[in-house]
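Scroll down for the structure; my scribbles are underneath it.
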Amino acid sequence: MAPPRNRRPGFSRRAQYSLFIGYVIAIAGALVGAVLLALSTLNPPAFSALRAGAGEVTAPVSWAIGSVWNGIASIPSAIGSFFGVRGENARLKKQVADERQQLLRARAIAYENLRLKKLMGLREPSVETIATARIVSSSATSTRRYALLYAGLIQGVHAGMPVRAPDGLVGRVLEAGPDTARVLLLIDPESIVPVRRTRDGAPGFATGRGDGQLDVKPIALGNAEYAPGDVLVTSGSGGIFPPNIPVAKVISRSRDGALAKPYAEPDALDYALVLRAFLTAPPPPADEKRP
């Protein structure tokens with residue numbers, strides 16, 4: 001007699017054990033999630049410390065997985081670059097020829113600015129690099145955009161320090177553990193960066209959208225006419241971000257500002273620089289002793 005087709009799990013001990021283990025894992029996951037949710041609501045400092053500890057444990061694993069994934073993901077681009085190298089070289093040569101005059105003019109302006117600053121005795125704080133660290137992970141699918149940096153308090157990284165890449169600004173340190181730090185990315189909706197337009201110095205603010213782009217709004221209504229191709233850099237206002245770090249390029253106008261694309265893309269970055277805050281807040285004055 002042929003065995004029935006629809007056999008229940010009770011006919012096999014292996015199936016029973018698998019089903020039991022599945023239930024145990026599901027219940028344990030639900031309990032852990034409930035505990036973490038309650039901890040984040042009732043005791044945010046303890047949850048922050050727990051999250052920093054988890055980052056310390058998972059950072060090496062994330063770094064290893066990220067290295068393997070980046071190596072695999074770079075294979076198609078390497079093949080495409082191999083076959084398109086001649087066209088790319090021709091395009092770059094043309095670009096260099098077109099921008100040579102602009103480079104000479106920019107050098108002349110920079111030299112003139114330096115000379116004028118020396119004549120005026122203008123003093124500017126120096127930008128100090130605190131640490132160079134690997135970005136081991138970043139949130140690419142969430143509306144909140146964070147990155148995990150493989151450097152922390154031991155390396156001198158503290159909350160509030162700006163983070164940049166060779167291409168431009170990445171964000172600022174939100175919180176730091178012993179060997180890792182969580183970075184609030186430039187494209188996060190809670191990120192606001194004072195910027196200025198390079199062609200005329202018009203000030204504004206760049207705010208993250210959560211989708212990889214920025215909303216740019218001018219401070220003065222008279223300077224609201226942004227044009228595609230306008231370059232935005234940090235203005236130095238606010239005392240966190242040093243001035244003249246590339247931030248984004250305008251890609252289209254909006255009703256009261258512009259839409260811009262950041263120069264530094266966190267998903268494509270391997271390393272980043274942590275800088276000292278442009279202007280640190282002065283210490284509070286000591287209380288005067290009363291007689």
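Checking the a/c ratio against 1.5 first, then a/b against b/c, what shape does the Cα gyration tensor give for segment 149-220? Note, shape of segment 149-220 comes out prolate. Seen through its C-alpha gyration tensor, with square-root eigenvalues sorted a ≥ b ≥ c, segment 140-271 comes out prolate because a/c lies at 1.5 or above while a/b is bigger than b/c.
Summing +1 for each Lys or Arg and -1 for each Asp or Glu, what net charge is found among the other residues whose Cβ lies under 12 Å from the Cβ of VAL136? Kindly include the intermediate steps, with their values, before the conclusion.
Numbers: positive: ARG134, ARG182; negative: GLU56, ASP179, ASP270.
Local charge sum for VAL136: -1.
Counting only protein heavy atoms and using a 1.4 Å probe, the accessible area of THR129 comes to about 70 Å². Taking other residues whose beta carbon is less than 11 angstrom from the beta carbon of GLY152, and scoring Lys, Arg as +1 and Asp, Glu as -1, yields -2.
Close amide-amide hydrogen proximity is noted between GLY236 and ASN244, each under 5 Å apart and 5 or more residues distant or on a separate chain (H modeled in the peptide plane; Pro and chain starts excluded).
The values are calculated or read from the model by the stated rules, or taken from the named source; none is laboratory data. What you see is a predicted model, and the numbers here were worked out from it, not measured in a lab. We place every Cβ from the backbone using ideal geometry, glycine too, and count neighbours over all the protein chains shown. Quick note on the areas: whole protein, heavy atoms, side chains included, nothing else; ligands and nucleic acids left out. Shrake-Rupley method; radii C 1.70, N 1.55, O 1.52, S 1.80 Å.
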